[in-house]
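Working notes, beginning with the structure itself.
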Amino acid sequence: MDNSPSKKVWLKFKRNKFAFGGLIFILLLMLMGILGYLIMPDDSPSANVQRVQIAKLKPGTQFRFLIIERYDHIKKVGFFERMLNGQKPNFKSIPITSYRIENNHVFVTEYIGEDEKAEERKYELKDLCQSCVLPSKIGTPQAIFEEQNIYTQTFLLGTDIYGRDLLSRLILGIRVSLSVGLMAVLISLFIGVTLGAVAGYFGGRIDAAISWFMNVVWSLPSLLLVIAISFALGKGFWQIFIAVGLSTWVDVARLVRGQVMALKEVEFVEAARALGFGTARTIIKHILPNIAGPILVVASSNFASAILLETGLSFLGFGAQPPMPSWGSMIKEHYGYIIMDAAYLAILPGLAIMLTVYAFNVLAIGLRDAFDVKGQNVTV
């Protein structure tokens, strides 16, 4: 039977149903974020196909579309490129309510709104479907036209104010939130662990100077600090990584400092010094592995904080820039519809933020209990 400490931690963590459920939810989000365009109804770059005439469709609405133009110069991309960046549409389509074919002409009634009456438009059949006017053994011109130029799309979560598929943009927003959270946590861990370990191990004036700097940063409101850094670096995606990471390292540093101060006097650290090991090796090889549990807990908590900061920045216009979808910017675009009949436009991204942050918080609590660090200076 495996009685290793990691096995005991895992078994203890699994007994916490909420924490384990949070981990499963986060893993599902990561899988959806990685697959991205492969599972999105709208796989165009940034899920940005706009059809203003079908804006604010209710969830579950189904529409028929007519392909009126094809772009032969746009080629299909490979599997991995499509997964990462999407596929540019190679056709143009319009939503329709009805159509009919008469004498090599197609008469189409385009959908232009619920209360609007559209006139029939006439197209040449050969302009829309070249193979429909050629002799064919496949079927009638009507059947060929329906197969090649008519398709139906279901908008499971409706459309936004620009007629874009809301489900696709929510899925793509996962990438923004999780990537910002991951990079911000890595930056905060690098800075926090380094400064905290140095301050805790050496003490004295070095500890006093680093502690003073931590207290100064700690006293600044996180969102204002991130906005100030964003002003300095400019608006953009990678700037958010740096801005959020630079604002969340203090709690990591405070935790590591306290843990290192408690461990630097124990026997195995004294033995490492007696054997002549250097300071860097003593800290990296002997001290940090013994405080990995508390660091993992605070990193999980910081992940949730980073997502909240990113959504706040996007809401204020400093985060991911249009047309890249972000949960915060989606709320900004639609919060005015909360008191109208399209409240779901703002509620759905808000719900995504709430569930993701809650999942990371219960994961942090579960890790705290599993590592048994309740009595230590860990903020969750």
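The values are calculated or read from the model by the stated rules, or taken from the named source; none is laboratory data. Fair warning: this is a prediction, and the values are worked out from it, not measured in the lab. No Cβ is skipped: glycine too gets one built from the backbone with ideal geometry, and neighbour counts run over all protein chains shown.
Here are a few things to note about the model shown:
- Options Val250, Val226; residue that is modelled with pLDDT of 90 or more and within 30 Å of Ile26 (Cα to Cα): Val250
- Restricted to the range 1-100, the set of helices (runs of 4 or more DSSP H) holding at least 1 residues that are touching a Ser or Thr at 6+ places or on another chain (Cβ under 7 Å) comprises 17-35.
- Within the range 117-135, at least one residue is at pLDDT below 75 and crowded, with 17+ Cβ neighbours inside 10 Å.
- Hits in the range 235-261 (condition: without any contact (Cβ under 8 Å) to a residue 60 or more places away in the chain and surrounded by 15 or more Cβ atoms within 10 Å (Cβ to Cβ)): Gln239, Ile242, Leu246, Val250
Residue-wise test of (1) over 30 Å from Ser300 (Cα atoms); (2) modelled with pLDDT of 90 or more; (3) in the same structural domain as Glu333 (by TED's automatic domain parsing).
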{"residue": "Leu11", "(1), (2), (3)": "no, no, yes"}
{"residue": "Leu23", "(1), (2), (3)": "no, yes, yes"}
{"residue": "Ile26", "(1), (2), (3)": "no, yes, yes"}
{"residue": "Met40", "(1), (2), (3)": "no, yes, no"}
{"residue": "Val49", "(1), (2), (3)": "yes, yes, no"}
{"residue": "Gly60", "(1), (2), (3)": "yes, yes, no"}
{"residue": "His73", "(1), (2), (3)": "yes, no, no"}
{"residue": "Pro89", "(1), (2), (3)": "yes, yes, no"}
{"residue": "Pro95", "(1), (2), (3)": "yes, yes, no"}
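Here's the yes/no breakdown for (1) within 30 Å of Ser329 (Cα to Cα); (2) assigned to a loop (DSSP other than H, G, I, E, B); (3) of a type outside the set (A, V, I, L, M):
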| site | (1), (2), (3) |
| --- | --- |
| Phe231 | yes, no, yes |
| Val252 | yes, no, no |
| Val260 | no, no, no |
| Glu265 | no, yes, yes |
| Ala271 | no, no, no |
| Gly276 | no, yes, yes |
| His286 | no, no, yes |
| Val297 | yes, no, no |
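- Any chance Ala232 is surrounded by fewer than 19 Cβ atoms within 10 Å (Cβ to Cβ), aliphatic (A, V, I, L, M) and at pLDDT 85 or above: no
- Scanning the range 101-119 for residues that are out of contact with any Asp or Glu (no Cβ under 6 Å at 6 or more places or on another chain), within 19 Å of Val52 (Cα to Cα) and not in a loop (DSSP other than H, G, I, E, B) returns Val108, Glu110.
- Residue in the range 323-345 that is nearest to Leu170 (Cα to Cα), counting only those that are free of Cβ contacts under 8 Å to residues at least 60 places away in the same chain and surrounded by fewer than 19 Cβ atoms within 10 Å (Cβ to Cβ): Lys332
- Flag if Gly245 is over 30 Å from Lys8 (Cα atoms) and in contact with a Ser or Thr (Cβ under 7 Å, 6 or more places away or on another chain): yes
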